[in-house]
1. Mind listing the phi-derived Karplus ³J(HN,Hα) values for region 108-123, rounded to whole Hz, using 6.51, -1.76 and 1.60 with θ = phi - 60°, and x for any glycine or proline?
2. Between Q39 and K76, how high is the FRET efficiency from 1/(1 + (r/R0)^6) when r is the Cβ-Cβ distance and R₀ = 30 Å? Nearest 0.05.
3. Measuring with a 1.4 Å probe in the full set of protein chains, what accessible area per residue, in whole Å², belongs to the chain?
4. Does region 33-98 come out rounded, prolate or oblate by the C-alpha gyration tensor, with a ≥ b ≥ c the root eigenvalues, rounded set by a/c under 1.5 and, if not, prolate when a/b is larger than b/c and oblate if not?
5. Got a number for carbon plus sulfur as a percent of region 1-72's accessible area, 1.4 Å probe?
6. Hey, with R₀ at 22 Å, roughly what FRET efficiency would S7 and S31 work out to, going by the Cβ-Cβ distance, to 0.05?
7. Once amide H atoms are built 1.01 Å from N in the peptide plane, which residues 5 or more positions from Y112, or in another chain, come under 5 Å H to H?
8. Through the Karplus equation 6.51 cos²θ - 1.76 cosθ + 1.60, θ set to phi - 60°, convert the phi angles of region 21-37 into ³J(HN,Hα) values in whole Hz; use x for Gly and Pro.
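The values are calculated or read from the model by the stated rules, or taken from the named source; none is laboratory data. Note that this is a predicted model, so its numbers are computed, not measured. Methodologically, a virtual Cβ is constructed for each residue, glycine included, from the backbone with ideal geometry; neighbour enumeration extends over all protein chains shown. All accessible areas refer to the heavy atoms of the entire protein, side chains included, with ligands and DNA or RNA removed. Shrake-Rupley method; radii C 1.70, N 1.55, O 1.52, S 1.80 Å.
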Amino acid sequence: QVQLVESGGGLVQAGDSLRLSCAASGRTFSSYAMGWFRQAPGKEREFVAAISRSGGSTNYADSVKGRFTISRDNAKNTVYLQMNSLKLEDTAVYYCGASRIYLGSSINEYDYWGQGTQVTVSS
C-alpha cells in the first residue's frame with residue numbers, strides 16, 4: 001500500500017513557475033515508477049510526465065515538453081514536478097500516481113493516486 005499526498009498548487013500568472021511535490025508513505029517508494037497527470041474541468045484526466053524507479057529515465061506529454069521537469073528523491077520518498085512558463089491551458093487539478101509499469105502514460109497503469117492539488121493559471 002502506498003499513500004500519496006500532493007502539495008504546491010496555487011494561483012499563478014501566465015509565464016510564472018510552480019513546483020509541485022508528491023510525498024509517498026511506505027518503504028517501497030523506489031519500487032514504483034511515478035507519474036503526474038492532470039484533469040481540467042469537463043475533461044478527462046491526462047498524462048503529464050513520468051519518471052522511472054531510479055529517476056534515470058523520464059517521459060513527457062508533448063504539451064509540456066521543454067517546460068515541465070519531473071524528478072524524484074528516493075531518500076525523501078518524494079516526486080516533484082517543476083512547471084515553468086505556465087500557460088492558461090495548464091489550469092487543472094494535478095495528481096501524482098505510483099505505477100509498477102515502466103514510465104507508464106496510461107491511467108490504467110497506475111496503482112495508487114493522491115488526492116490532487118489545484119493549479120490555476122491566470123492571464
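1. Taking θ as phi minus 60°, the curve returns 5, 8, 10, 9, 9, 9, x, 8, x, 9, 7, 10, 10, 10, 10, 8 Hz for region 108-123.
2. Working: r = 26 Å, r/R0 = 0.87.
After rounding to 0.05, the efficiency reads 0.70.
3. Heavy-atom accessible area per residue stands at 50 Å².
4. Prolate, because a/c is 1.5 or more and a/b exceeds b/c.
5. With neighbouring chains kept in place, the figure for region 1-72 is 43 percent.
6. After rounding, the FRET efficiency stands at 0.45.
7. Long-range HN contacts for Y112: A98.
8. Whole-Hz 3J(HN,Hα) from phi for region 21-37: 10, 9, 9, 10, 8, x, 9, 10, 3, 6, 7, 10, 6, 10, x, 10, 10.
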